[in-house]
Amino acid sequence: MSEPVAAKVLVVEDNRTMLALMQYYLSKDFTVFLARSAEEALEVLQREQLHAVVSDQNLGDGLMGVDLLKRVAELQPHAARILVTASQKLEDAQKAINEARVNHFLTKPFTEQELKNTVGQAVHNAALLSIRDKMVQELKDQLGLGRGGAGKPAAGKPGAPGAPGAPGAPAATPRPKTAEPQKADAKGAASQSLIPESERLAFRDGLTSLYNHRYFQEALSAGLLSARRREQKLALVLIDIDGFRRFNLSRGYAEGDKLLRRVAQMVTDMMEDPVTHARSDNSSEIAARYDWDVFGVILCNADVERARTYAEKLRKAVEELDFPEGTGSDVGEVTVTAAVAVFPDQARNEQELISAAEKALRSSKASGPNRVVLAPR
């Protein structure tokens with residue numbers, strides 16, 4: 001595999017010593033650009049496509065960091081925006097979020113690890129946002145809604161990656177409802193009403209509302225790049241509903257769809273902080289419909305124990321599921337089998353990680369249902 005291009009990060013700080021120190025800390029993982037004023041920063045923004053901008057709040061040239069980051073949001077909206085400040089006032093944070101759409105904060109004094117973790121997470125989240133926007137734009141273009149206003153929906157391309165019916169796609173994604181014929185002066189409004197739906201269809205599975213297979217693959221690539229850069233682990237968990245084909249035949253496909261939606265909700269509900277047990281708000285942790293009856297979960301900065309704990313908790317919750325709800329169905333009638341693989345313990349790259357998890361899942365299914373298995377080292 002070719003070495004990935006390092007993400008570009010602009011650091012804006014009027015203190016020479018602090019600027020040099022931040023460059024030293026970040027240059028091991030990123031291509032770093034430096035600016036001692038807002039004016040210098042804007043010059044860099046004009047010539048470089050950046051992944052993140054880290055700015056001190058007090059720049060000393062009459063412009064505050066939040067004002068600079070507001071310009072960053074206008075000039076390069078996909079670049080992550082990180083504000084460095086000594087203030088802990090709620091109103092200051094609210095202004096930064098509302099006016100400059102600041103993504104992350106660094107409070108002085110901070111450690112090297114805090115700086116690297118904050119910038120790394122910001123760059124990772126910005127990469128995922130860029131992936132989403134790209135997929136949304138592709139679908140808008142197909143629907144005739146992108147970059148040029150309304151138009152006739154383009155014909156779909158069978159076999160395109162992530163398209164309904166393509167190899168590896170988990171399920172056919174429902175198409176937007178056909179709109180009623182519109183008057184000429186209403187065409188713009190009619191096309192605009194389809195945009196939110198197109199955004200959902202671009203990277204969400206139509207049945208479960210989890211991320212779709214294509215977005216999952218893109219997010220896994222971005223996650224592994226971030227894990228390498230930050231020298232962290234990344235866990236991949238594949239969850240298969242045991243006997244789902246038999247369930248469909250005995251209960252009917254409508255009940256099968258309900259079961260898929262119910263288990264999908266449980267997959268996301270279990271993604272919580274292992275210490276505080278609060279629901280995770282880490283947007284880089286992804287749950288997706290990986291295949292017909294298989295779900296995929298990416299857990300960033302997670303070792304094998306955290307991943308196994310998550311998978312075991314999910315397995316037990318599904319085992320105790322009363323489905324259909326309120327019918328008093330026998331506990332254990334619905335079960336799942338889960339496989340865990342961790343980078344870099346079991347794999348050095350994306351292909352090896354997926355292969356390790358899939359192989360472990362097949363091996364476990366052959367030995368019996370309702371278990372969690374770890375991929376061998």
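Do the conditions hold for Val9, that is, is it touching a His at 6+ places or on another chain (Cβ under 8 Å), open to solvent by less than 40 Å² (accessible area, probe 1.4 Å) and closer than 26 Å to Ser87 by Cα? When the stated conditions are applied, Val9 passes them. A single member of Ser329, Ser283 is in a loop (DSSP other than H, G, I, E, B), within 19 Å of the chain's Cα centre (by Cα) and either modelled with pLDDT of 95 or more or surrounded by fewer than 16 Cβ atoms within 10 Å (Cβ to Cβ) (or both), and it is Ser283.
Out of the residues in the range 332-368 meeting the condition of being assigned to a helix (DSSP H, G or I) and touching an Asp or Glu at 6+ places or on another chain (Cβ under 9 Å), tell me which one is nearest to Phe216 (Cα to Cα).
Leu361
Taking each residue of the range 125-143 that is part of a helix (DSSP H, G or I) and of a type outside the set (A, V, I, L, M) and looking for partners that are surrounded by fewer than 19 Cβ atoms within 10 Å (Cβ to Cβ) and modelled with pLDDT of 75 or more with beta-carbon atoms closer than 7 Å, six or more apart or interchain, yields Ser130/His78.
Each residue in the range 32-67 was checked for being within 20 Å of Leu21 (Cβ to Cβ), over 25 Å from the mean Cα position of the chain (by Cα) and not hydroxyl-bearing (Ser, Thr, Tyr), and 13 pass.
Only one of Arg362, Arg371, Arg315, Arg308 is touching a Lys or Arg at 6+ places or on another chain (Cβ under 8 Å), among the basic types (Lys, Arg) and open to solvent by 70 Å² or more (accessible area, probe 1.4 Å). Can you tell me which?
So the residue among Arg362, Arg371, Arg315, Arg308 that is touching a Lys or Arg at 6+ places or on another chain (Cβ under 8 Å), among the basic types (Lys, Arg) and open to solvent by 70 Å² or more (accessible area, probe 1.4 Å) is Arg371.
Kindly establish whether Arg71 is modelled with pLDDT under 95, in a strand (DSSP E or B) and either more than 13 Å from Val123 (Cα to Cα) or not acidic (Asp, Glu) (or both). No.
Taken together, the criteria place Leu45 among residues that are under 28 Å from Leu129 (Cα atoms), of a type outside the set (D, E, K, R), open to solvent by less than 30 Å² (accessible area, probe 1.4 Å) and not in a loop (DSSP other than H, G, I, E, B).
Residues in the range 197-245 that are within 12 Å of the chain's Cα centre (by Cα) and within 16 Å of Thr268 (Cβ to Cβ) were compared, and the one that is most open to solvent (accessible area, probe 1.4 Å) is Arg204.
Per the listing Gln113, Gln88, the residue uniquely among the polar types (S, T, N, Q), modelled with pLDDT of 75 or more and more than 19 Å from Ala219 (Cα to Cα) is Gln113.
Take the residues in the range 15-42 that are touching a helix residue (DSSP H, G or I) at 6+ places or on another chain (Cβ under 8 Å) and assigned to a loop (DSSP other than H, G, I, E, B); name whichever of them is least open to solvent (accessible area, probe 1.4 Å). Among those that are touching a helix residue (DSSP H, G or I) at 6+ places or on another chain (Cβ under 8 Å) and assigned to a loop (DSSP other than H, G, I, E, B), it is Phe30.
The values are calculated or read from the model by the stated rules, or taken from the named source; none is laboratory data. Bear in mind that the values here come from a model prediction, so they are computed numbers and not experimental data. Glycine also receives a Cβ, built like all others from the backbone with ideal geometry; neighbour counts cover every protein chain displayed. Just so you know, the surface numbers come from the protein's heavy atoms only, side chains and all, with ligands and any DNA or RNA stripped out. Shrake-Rupley method; radii C 1.70, N 1.55, O 1.52, S 1.80 Å.
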